[in-house]
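Contents: one structure, followed by commentary.
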2 protein chains.
Amino acid sequence: MEFESLKGIKEYLPEEQEVREYITDILKKNFKKYGFRPIETSILEAFEIAASKYAGGEEILKETYQLTDQGERKLCLRYELTFKMGKLIALNPTMRLPLKRYEIGKVFRDGPVKTGRLREFTQCDVDVAGIKNLAQDAEFIAMTFDIFNELGLNVFIQMNNRKILFGIFEASKINEKDFINVALALDKLEKTSQKEVEKELREKNISENSIDILFDLLNGANSVNNNTQKLELLKSKCENELFNEGYEEMKSIFNYIDIQGIKKDFYFIPTLSRGLGYYTGPMWEVYLKTSKIKSSVAAGGRWDKMIQNFLQSEREYPATGMTFGLDVIYTAITEDKIKLNDFDKTPKILIIPLDKIDACLELVSKLRQNKISANIAYDDKLSKALDYANKEQIAYVIVVGKKEIESKKYGLKNMLTGTTEELNIDEIIKKLK
Amino acid sequence: MEFESLKGIKEYLPEEQEVREYITDILKKNFKKYGFRPIETSILEAFEIAASKYAGGEEILKETYQLTDQGERKLCLRYELTFKMGKLIALNPTMRLPLKRYEIGKVFRDGPVKTGRLREFTQCDVDVAGIKNLAQDAEFIAMTFDIFNELGLNVFIQMNNRKILFGIFEASKINEKDFINVALALDKLEKTSQKEVEKELREKNISENSIDILFDLLNGANSVNNNTQKLELLKSKCENELFNEGYEEMKSIFNYIDIQGIKKDFYFIPTLSRGLGYYTGPMWEVYLKTSKIKSSVAAGGRWDKMIQNFLQSEREYPATGMTFGLDVIYTAITEDKIKLNDFDKTPKILIIPLDKIDACLELVSKLRQNKISANIAYDDKLSKALDYANKEQIAYVIVVGKKEIESKKYGLKNMLTGTTEELNIDEIIKKLK
């Protein structure tokens, strides 16, 4: 039998998994602080439910792993956590709203494997169903800064609003049927030139007049740095109902962001357009300030229609939320060796027995009673055990021979500095705690 | 479209999932204290690997979910975490041993759905590969008591050793080919009578003479309470190499258990026989002391051969470890309402706005800066918000109207006692922290 990794499927060794758990622990802690509670939905799902046009949609369905159980039921593996949240609401009609939930779990997509695209990967989703108020959207922005601050990563956030974007298109006399296409073209502005985007718009049969008005509006807005001024400038030029709705929404959000003490790194970007298939109002992307990584590390937006459509319900389920990219955050943290050294590695200390192990077992037992992570190098010789401690980057080592057993004094070796101190067990505990 | 739960597949609402995360957090914390590190293996696996006769075996393979990806590869969903640990070692031949790993993750079995048997469920496994020393097995016993102590559950542990069990059979002149069958019959002793077991043994063609010797040995041992005395008594009657090996192993383990300060609730049970398909030496089961739940809540043992066989390797991979039953521990904890009230529920406080929400947002923002989990009842009227807080068992509520906004004094209502205190924000933080 040959042991091979499956294409696009990763398995995580302790060095990697420890960092991943460190990240998800910080996510969970902050999700809870902002009032979110965990749920766990199943990975296996009835194919019919996942295939609903109001679940993930046609494109994603092509990448869905399908299977049949022994009862000949058509099943599949979930490809996202969002529709699963909708199903949980459907299955629990008496559930009290708002549901503020987070879920961190595996999803599966049988798609082409490009760099960074996996077939089995973890999503970290945090959403509310049942809150219309845009202050909730502003809370997500505050939470995002809290999370990346605790992770030691500097980020900035870009926000736009679907109503602003489409309001600008309306003011530019673009036909509604072209809105999505124009948005997709505009979204490339950061990677390419205005000329290239104009060319693409022409190819999509957008009139010269519309293109002129559009870039006049956008360039005018971009000449201003302050979010509120940018918004007001656009408002003075876009007199339509859709834009006005977006304007009022963004004004509220700017205020709520301000109240929460966020003074910088939050930018209103009128060309930003993501997830237009489901976002209905504000939408935002989170980027690293100084990093080789240019893709977003988290993203979010308001999706007021999806649950209602999915449930085919009379009732409204306004919703807003975010997703955090575990893999990209992992890459960002491990880019920086200094940050990695901050980890509390397991174990903190390795006890190496030269003689009977009884004394060693007594020692680890006392360390653990004091919540210090400790191991014994049971089967290894001294040189091999020291090499192991070194390569595994274990912080401290104690070698226990006859002398130590008799004197009850142990040489605590700091593996980073190489220095050794003679200490009794209480002194060791005090030092390592 | 009809929304239905799949048979044997659960989805967990916040009330349940919070308890599950509380349990796994305690498991992880103790696993780390005892020097274990996390890994994450994939759920999708090549069918060929899962089907190896040294993986889960034939019976489990019948219950394996199979699927084919778009590249026509034959895949399956993992049905356990053990063989995945073996594969991780196979894929990383330069890995330094011992590997002390834990993994908490979903496994899948397409089997009959009985009470408590799920088709998609979570396993919590903690194992070492690369340590022969039986002190490691004794460490697991200490860790188990630490874990259940922290969970607030009183447990006792029963241990036996495959070599003791089979050594007794040898001393009873039972043929080796009948060992497994006799063990399976004996394991029923706790649920049925000696007479019934004797009858089963006769049906399996075990001679009267063997049955007599066997029960003479076992009843003799069971008349003694002390583990060491029981072991010595059996030794005086079982003079064979296999028994002697088991005897030496158990004597060491009893000593190591003693060194770690374990004085009670640990029982040597010479009839215990579980997992004889893979356990090679000591094996143990963990039970609740006072509970309606009679099945074990955790179990473990030494499995020195499995990885070597699975990898078809020259090298030995001695291994020992445990599995903790998340679902049964969940049931045990929720049996007892008092224990449930100890949970730190999310959120701790609900702010109900009667007027502008700006002041409320400022308030939650300050609470969260002080690590207090807080929510705003955005869209609800006062009566509905209070009802929500009540039913969701949120500990505190503040109603914020014009008066509160002006005076900056808030009525902090304790929802359990019904009492309200007038406090400013600093006093509230001090109280809730």
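For the range B:387-433: of the residues being aromatic (F, W, Y) and part of a strand (DSSP E or B), which is surrounded by the fewest Cβ atoms within 10 Å (Cβ to Cβ)?
The initial filter retains those residues of the range B:387-433 that are aromatic (F, W, Y), namely B:388, B:396, B:410.
This time we only want the ones that are part of a strand (DSSP E or B), so: B:396, B:410.
Numbers: B:Y396: 21, B:Y410: 23.
So the residue we want is B:Y396.
Can you tell me which residue is surrounded by the most Cβ atoms within 10 Å (Cβ to Cβ) among those in the range B:110-137 that are under 18 Å from the mean Cα position of the chain (by Cα) and among the charged types (D, E, K, R)?
If we take residues in the range B:110-137 being under 18 Å from the mean Cα position of the chain (by Cα) and among the charged types (D, E, K, R), then B:D137 is surrounded by the most Cβ atoms within 10 Å (Cβ to Cβ).
In this structure, does B:T346 turn out to be touching a residue at least 24 places away in the same chain (Cβ under 8 Å) and under 16 Å from the mean Cα position of the chain (by Cα)?
Details: touching a residue at least 24 places away in the same chain (Cβ under 8 Å): yes; under 16 Å from the mean Cα position of the chain (by Cα): no.
So B:T346 fails the test.
Within the range A:182-201, count every residue that is in contact (Cβ under 8 Å) with a residue 40 or more places away in the chain and hydrophobic (A, V, I, L, M, F, W, C).
Number satisfying all stated conditions: 4.
Condition test on A:A374, is it out of contact with any Ser or Thr (no Cβ under 7 Å at 6 or more places or on another chain) and at the interface with chain B (Cβ under 10 Å from one of its Cβ atoms)?
Details: out of contact with any Ser or Thr (no Cβ under 7 Å at 6 or more places or on another chain): yes; at the interface with chain B (Cβ under 10 Å from one of its Cβ atoms): yes.
It is true that A:A374 is out of contact with any Ser or Thr (no Cβ under 7 Å at 6 or more places or on another chain) and at the interface with chain B (Cβ under 10 Å from one of its Cβ atoms).
Would you check if A:D355 is within 14 Å of chain B (Cβ to nearest Cβ), touching a helix residue (DSSP H, G or I) at 6+ places or on another chain (Cβ under 9 Å) and charged (D, E, K, R)? Reasoning before the result, please.
Numbers: within 14 Å of chain B (Cβ to nearest Cβ): yes; touching a helix residue (DSSP H, G or I) at 6+ places or on another chain (Cβ under 9 Å): yes; charged (D, E, K, R): yes.
Judged against the criteria, A:D355 is a match.
In the range B:21-35, is there at least one residue being under 30 Å from B:E392 (Cα atoms) and within 7 Å of chain A (Cβ to nearest Cβ)? Talk me through it step by step, then tell me what you get.
We begin by selecting, within the range B:21-35, every residue under 30 Å from B:E392 (Cα atoms); these are B:21-29.
This time we only want the ones that are within 7 Å of chain A (Cβ to nearest Cβ), so: B:21.
There is at least one residue in the range B:21-35 that is under 30 Å from B:E392 (Cα atoms) and within 7 Å of chain A (Cβ to nearest Cβ).
Do the conditions hold for A:D304, that is, is it over 30 Å from A:T334 (Cα atoms) and surrounded by fewer than 19 Cβ atoms within 10 Å (Cβ to Cβ)?
On the way: over 30 Å from A:T334 (Cα atoms): yes; surrounded by fewer than 19 Cβ atoms within 10 Å (Cβ to Cβ): yes.
Considered against the rule, which asks whether it is over 30 Å from A:T334 (Cα atoms) and surrounded by fewer than 19 Cβ atoms within 10 Å (Cβ to Cβ), A:D304 comes out as yes.
Which condition number does A:D258 fail, the rest of (1) touching a strand residue (DSSP E or B) at 6+ places or on another chain (Cβ under 6 Å); (2) farther than 23 Å from B:F3 by Cβ; (3) within 14 Å of chain B (Cβ to nearest Cβ); (4) not small (G, A, S) being met?
(1)
Go through the residues of the range B:153-170 one by one and say whether even a single one is charged (D, E, K, R) and not in a helix (DSSP H, G or I).
In the first step, residues of the range B:153-170 are kept if they are charged (D, E, K, R); the result is B:162-163, B:170.
When the remaining residues are screened for being not in a helix (DSSP H, G or I), the result is none.
No.
Going residue by residue through the range B:358-371, is there one that turns out to be in contact (Cβ under 8 Å) with a residue 12 or more places away in the chain and either away from chain A (no Cβ under 13 Å) or hydroxyl-bearing (S, T, Y) (or both)?
Step one: of the range B:358-371, the residues in contact (Cβ under 8 Å) with a residue 12 or more places away in the chain are B:359-361, B:363-364, B:366-367, B:370-371.
Now narrow it down to the ones that are either away from chain A (no Cβ under 13 Å) or hydroxyl-bearing (S, T, Y) (or both): none.
Within the range B:358-371 (the criterion being in contact (Cβ under 8 Å) with a residue 12 or more places away in the chain and either away from chain A (no Cβ under 13 Å) or hydroxyl-bearing (S, T, Y) (or both)), the answer is no, since none of the residues qualifies.
Any chance the range A:69-80 includes a residue that's within 30 Å of A:N149 (Cα to Cα) and surrounded by fewer than 22 Cβ atoms within 10 Å (Cβ to Cβ)?
Scanning the range A:69-80, I find at least one residue that is within 30 Å of A:N149 (Cα to Cα) and surrounded by fewer than 22 Cβ atoms within 10 Å (Cβ to Cβ), so the answer is yes.
Can you find a residue in the range B:82-92 that is among the charged types (D, E, K, R), buried (at least 22 other Cβ atoms within 10 Å of the Cβ) and within 22 Å of A:E11 (Cα to Cα)?
Applying the first criterion (among the charged types (D, E, K, R)) to the range B:82-92 yields B:84, B:87.
Narrowing further to those that are buried (at least 22 other Cβ atoms within 10 Å of the Cβ): B:84, B:87.
Now drop any that are not within 22 Å of A:E11 (Cα to Cα), which leaves B:84, B:87.
Yes - at least one qualifying residue is present in the range B:82-92.
So which residues in the range A:316-330 are more than 12 Å from the chain's Cα centre (by Cα) and of a type in the set (S, T, Y), if there are any at all? Break it down stepwise before answering.
We begin by selecting, within the range A:316-330, every residue more than 12 Å from the chain's Cα centre (by Cα); these are A:316-320.
Scanning the range A:316-330 gives A:Y317, A:T320.
With the requirement that a residue be within 21 Å of B:T320 (Cα to Cα), within 10 Å of chain A (Cβ to nearest Cβ) and not aliphatic (A, V, I, L, M), what does the range B:107-129 give you? Step through it out loud before you land on a result.
Going through the range B:107-129, the residues within 21 Å of B:T320 (Cα to Cα) turn out to be B:107, B:122-129.
With the extra rule that they be within 10 Å of chain A (Cβ to nearest Cβ), the set shrinks to B:122, B:128.
Selection gives B:T122 alone.
Does B:K263 count as within 14 Å of chain A (Cβ to nearest Cβ) and in a helix (DSSP H, G or I)?
Details: within 14 Å of chain A (Cβ to nearest Cβ): yes; in a helix (DSSP H, G or I): no.
The answer is no for B:K263.
If you check A:S52, A:S5, which single one turns out to be farther than 28 Å from B:K28 by Cβ, at the interface with another protein chain (Cβ under 9 Å from one of its Cβ atoms) and out of contact with any strand residue (DSSP E or B) (no Cβ under 8 Å at 6 or more places or on another chain)? Can you show your working first?
Details: A:S5 fails: farther than 28 Å from B:K28 by Cβ.
Of A:S52, A:S5, the one residue that is farther than 28 Å from B:K28 by Cβ, at the interface with another protein chain (Cβ under 9 Å from one of its Cβ atoms) and out of contact with any strand residue (DSSP E or B) (no Cβ under 8 Å at 6 or more places or on another chain) is A:S52.
Would you point out which residue out of B:V113, B:V126 is among the hydrophobic types (A, V, I, L, M, F, W, C) and touching a Lys or Arg at 6+ places or on another chain (Cβ under 7 Å)?
Values: B:V126 fails: touching a Lys or Arg at 6+ places or on another chain (Cβ under 7 Å).
Every option except B:V113 fails the conditions.
Taking the condition under 40 Å from the mean Cα position of the chain (by Cα) and at pLDDT 95 or above, does B:I376 pass?
Numbers: under 40 Å from the mean Cα position of the chain (by Cα): yes; at pLDDT 95 or above: yes.
Criteria met by B:I376.
For the range B:50-81, what are the residues that are part of a helix (DSSP H, G or I) and not β-branched (V, I, T)? Write out each step before concluding.
Let us first name the residues in the range B:50-81 that are part of a helix (DSSP H, G or I), namely B:50, B:58-61.
Matches in the range B:50-81: B:A50, B:E58, B:E59, B:L61.
I'd like to verify a number: residues in the range A:92-143 that are part of a helix (DSSP H, G or I) and in contact with a Leu (Cβ under 6 Å, 6 or more places away or on another chain), how many? Can you show your working first?
Keep residues of the range A:92-143 that are part of a helix (DSSP H, G or I), which gives A:135-143.
After this cut, where a residue has to be in contact with a Leu (Cβ under 6 Å, 6 or more places away or on another chain) as well, the list is A:135.
Residues that pass the stated criteria total 1.
Counting only residues that are in contact with a Lys or Arg (Cβ under 7 Å, 6 or more places away or on another chain) and free of Cβ contacts under 8 Å to residues at least 40 places away in the same chain, which one in the range B:164-181 is nearest to B:L242 (Cα to Cα)? Outline the logic, then answer.
Taking the range B:164-181 as the starting set, the residues that turn out to be in contact with a Lys or Arg (Cβ under 7 Å, 6 or more places away or on another chain) are B:171, B:178, B:181.
From what is left, the residues that are free of Cβ contacts under 8 Å to residues at least 40 places away in the same chain are B:178, B:181.
Numbers: B:D178: 16, B:N181: 18 Å.
Going through the qualifying residues, I end up with B:D178.
Go through the range A:1-48 residue by residue and tally those that are among the polar types (S, T, N, Q), assigned to a loop (DSSP other than H, G, I, E, B) and crowded, with 20+ Cβ neighbours inside 10 Å.
Start the filter on the range A:1-48 by keeping residues that are among the polar types (S, T, N, Q), which leaves A:5, A:17, A:24, A:30, A:41-42.
Keeping just the survivors that are assigned to a loop (DSSP other than H, G, I, E, B) gives A:5, A:41-42.
Then keep just the ones that are crowded, with 20+ Cβ neighbours inside 10 Å; that gives A:41-42.
Within the range A:1-48, residues that are among the polar types (S, T, N, Q), assigned to a loop (DSSP other than H, G, I, E, B) and crowded, with 20+ Cβ neighbours inside 10 Å number 2.
Would you confirm whether any residue within the range A:89-97 is more than 7 Å from every other protein chain (Cβ to nearest Cβ), at pLDDT below 95 and under 28 Å from B:N370 (Cα atoms)? Step through it out loud before you land on a result.
Residues of the range A:89-97 more than 7 Å from every other protein chain (Cβ to nearest Cβ): A:89, A:93-95, A:97.
With the extra rule that they be at pLDDT below 95, the set shrinks to A:89, A:93-95, A:97.
Next cut, under 28 Å from B:N370 (Cα atoms) only: A:97.
Scanning the range A:89-97, I find at least one residue that is more than 7 Å from every other protein chain (Cβ to nearest Cβ), at pLDDT below 95 and under 28 Å from B:N370 (Cα atoms), so the answer is yes.
So which of B:D355, B:D327 ends up being acidic (D, E), outside the structural domain of B:G56 (by TED's automatic domain parsing) and touching a residue at least 40 places away in the same chain (Cβ under 8 Å)?
B:D355
Could you grab me the full set of residues in the range B:228-252 that are of a type in the set (V, I, T) and assigned to a loop (DSSP other than H, G, I, E, B)? Don't jump to the end; show me each part of the working.
Going residue by residue through the range B:228-252, those that are of a type in the set (V, I, T) are B:228.
Selection gives nothing.
Of the conditions (1) within 8 Å of another protein chain (Cβ to nearest Cβ); (2) crowded, with 21+ Cβ neighbours inside 10 Å, B:Q66 satisfies every one except a single condition; which number is it?
(2)
The values are calculated or read from the model by the stated rules, or taken from the named source; none is laboratory data. All values reported here derive from a predicted model rather than from experimental measurement. Cβ atoms come from the backbone with ideal geometry, glycine included; neighbour counts cover every protein chain shown.
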